[in-house]
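For reference, the structure is listed below as structure tokens.
The values are calculated or read from the model by the stated rules, or taken from the named source; none is laboratory data. On a predicted model such as this, the values are computed, not experimentally measured, just so you know. Using ideal geometry, Cβ is built from the backbone for each residue, glycine included, and neighbour counts are taken over all protein chains shown. Note: areas computed on protein heavy atoms with side chains; ligands, DNA, RNA excluded. Shrake-Rupley method; radii C 1.70, N 1.55, O 1.52, S 1.80 Å.
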There are 2 protein chains.
Amino acid sequence: MARPRQFDEDRALDAAMRTFWEYGYEATSTQDLCTATGLGRSSIYNTFRSKRELFARSLARYLDTMAEAQDAVLEDASRPPAERVRALLDKIVADEFDHRPHGRSLGCLGVNSTVELAARDPEAARLLDRDAARRLRTLSAVIAAGQRDGSIASARGSDALARYVNAVIGGMRIAAQGGADRAAVQSVADTALGALIS
Amino acid sequence: MARPRQFDEDRALDAAMRTFWEYGYEATSTQDLCTATGLGRSSIYNTFRSKRELFARSLARYLDTMAEAQDAVLEDASRPPAERVRALLDKIVADEFDHRPHGRSLGCLGVNSTVELAARDPEAARLLDRDAARRLRTLSAVIAAGQRDGSIASARGSDALARYVNAVIGGMRIAAQGGADRAAVQSVADTALGALIS
DNA sequence: CAAGTTCTGAACCGATCAATACAAAACAAC
DNA sequence: GTTGTTTTGTATTGATCGGTTCAGAACTTG
């Protein structure tokens, strides 16, 4: 029995997330968040309590969305496991080179936040740890399946290979953010996959 | 015919560099820089003109120092080329896990700055581009030598393999910053090297 | 319509931001 | 020692930081 919100909380969260993604945590001011969301300061602080909590929710939302998309690719039963890993790497390339708001890759909010905050913000570190574990779990399972059906030839442990693929993905994102062109990043993906399948 | 500096400019620059390395550009205040260098504000602004220029010089110094160290490893004529690449990757692991000032890896100031600034600071982007080109040049030459002497078996182009190794290095640093343990990061290095030599 | 609750906008908080002004101190050259 | 220049510490600039306060508008409920 009170006045209802005039805005959609999820839409606001999404706008905030994109702002943190583009500028990072420190370089995003509360005024930037007001402008991006279209909300007043009161509405933001009333809803999200602080810049830090708004960031934590933005990051959690991003990681969840991305992990779901990754899982969808990796669990596509219509393809052999090795092809799913290839599709994942190709998706990273597409992510980095499509939809560039200002002609430059924004990279990955997970990677960006690892660099900016993991060492000094325990909650961010916790979210990132959980996300890494989740993605490694899916990746490892798919790679193990690929080793069983022969589409992945490497004899290394599937956990180690999963960490390897995950690290290469991070490296591809850094390369793209550093200005590497699409062919260069794609060739990193191709080379990395070669280590798995042959 | 005037009063000489009471401080060593290089030592001050080094202290500033370490501060930017640990906290990033945005999260480092000019007061932090005064404390770290032991200088007053006047001395800093008199010597380095602005926070931005001090950062640019810090980054340039870091990149130069690191690239020299990398070149030293890669151009060690006493080892076959493939072993030099292995030594480089092992050095990255050692860098990330030795000398951790607060129990966490600081990562690499080059990678950190790519994430934080490459998209929005043209001078930082220029320094990072030049550094990447330099490191890729050395890496590619060593890989090509390894392909000639047979220590590197991959038939891919040496430039593509150099970009690959460079991306893996970036991924290893992100993984370490994200909390991966030493064995995990070392296994990424081993797996990556496997793609080259076999 | 009246009562009760929540939301919203604007003004405002002390703190801190990067950067500057300025005068006194410190030194080199003569 | 005097002159001329630079450095240095302190005080201070206006702007912006993240966050709060508060009054009144807005809306649900009865």
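Of the residues B:G103, B:A160, B:A133, the one whose Cα sits farthest toward the positive end of the charge dipole of segment B:61-165, with +1 on the Cβ of Lys and Arg and -1 on the Cβ of Asp and Glu, is B:A160. To the nearest ten degrees, helix B:122-149 and the longest principal axis of the Cα atoms of chain B are 30 degrees apart.
Interface of A with B. Using a 1.4 Å probe and counting protein heavy atoms only, the two chains hide about 2800 Å² of accessible surface, both sides summed. On the basis of the beta-carbon distance and an R0 of 35 Å, A:A153 and B:R130 show a calculated FRET efficiency of 0.35.
Between this copy and the others, label points of B:G179 are 3.5 nm apart in ascending order, each placed 7 angstrom from Cα in the Cβ direction.
Length gained on full extension, A:N46 to A:A77: 6.7 nm, using 0.36 nm per residue less the C-alpha separation. Among B:158-169, A:65-76, sorting by the average number of other beta carbon atoms lying within 10 angstrom of each residue, highest first, gives B:158-169, A:65-76.
Placing a label point 7 Å from the Cα of B:D98 along the Cα-to-Cβ direction, the distances to the matching points in the other copies come to 4.5 nm, shortest first. Counting only protein heavy atoms and a 1.4 Å probe, the protein assembly as shown has 46 square angstrom of accessible area per residue.
Run the numbers on segment B:105-134: which residues show a drop of 40 Å² or more in accessible area, chain on its own versus all protein chains together, using a 1.4 Å probe over heavy atoms? When all protein chains are present, B:T114, B:V115, B:A119, B:R120 each give up 40 Å² or more of accessible surface. Convex hull volume of the Cα atoms of segment B:56-197, normalised per residue: 104 Å³. Along segment A:32-48 the Karplus relation, 6.51 cos²θ - 1.76 cosθ + 1.60 evaluated at θ = phi - 60°, assigns HN-Hα couplings of 4, 5, 4, 4, 5, 8, x, 9, x, 4, 4, 4, 5, 6, 5, 8, 10 Hz to successive residues, with x for each Gly and Pro.
Rounded to the nearest whole Hz, the Karplus-based 3J(HN,Hα) values (6.51 cos²θ - 1.76 cosθ + 1.60, θ = phi - 60°) of segment B:169-182 follow the sequence 4, x, x, 4, 5, 4, 4, 5, 5, x, x, 4, 7, 4, with x at glycine and proline. Shortest first, B:G150 label-point distances to identical copies amount to 3.1 nm, with the label point at 7 Å from Cα along Cα→Cβ. Only protein atoms count toward the accessible area here, which uses a 1.4 Å probe; on segment B:2-150, the carbon and sulfur part of that area reaches 47 percent. Pull out a ≥ b ≥ c, the square roots of the eigenvalues of the alpha-carbon gyration tensor of the protein assembly as shown, then state rounded if a/c is under 1.5, prolate if not and a/b is larger than b/c, and oblate in the remaining case. Oblate. Per-residue SASA remark: A:V115, around 20 Å² accessible (1.4 Å probe; ligands, DNA and RNA not included). With Cα atoms as the point set, the radius of gyration and Dmax of segment B:1-123 evaluate to 17.0, 56 Å. Taking the Cα centre of chain B as reference, the dipole from Cβ charges on Lys and Arg (+1) and Asp and Glu (-1) amounts to some 360 debye. The loop-placed trypsin sites (Lys or Arg not before Pro) in segment B:1-53, going by DSSP, that have at most 13 neighbouring Cβ atoms within 10 Å of their Cβ come out as B:R5, B:R49. Normalising the average separation of contacting C-alpha pairs (under 8 angstrom, six or more residues apart) by the number of residues puts the relative contact order of chain B at 22 percent.
Comparing A:T47, A:T114, A:T28, which has the greatest mean-square fluctuation in the GNM of chain A with Cα pairs linked when under 10 Å apart? Comparing A:T47, A:T114, A:T28 in a Gaussian network model of chain A, the most mobile one is A:T47. Roughly how many Å is it from the Cα centre of segment B:165-189 to that of segment A:82-114, as a whole number? One Cα centre to the other: 19 Å.
Multiplying the sequence separation of B:M66 and B:F97 by 0.36 nm and subtracting their Cα-Cα distance, what value in nm do you get?
9.5 nm
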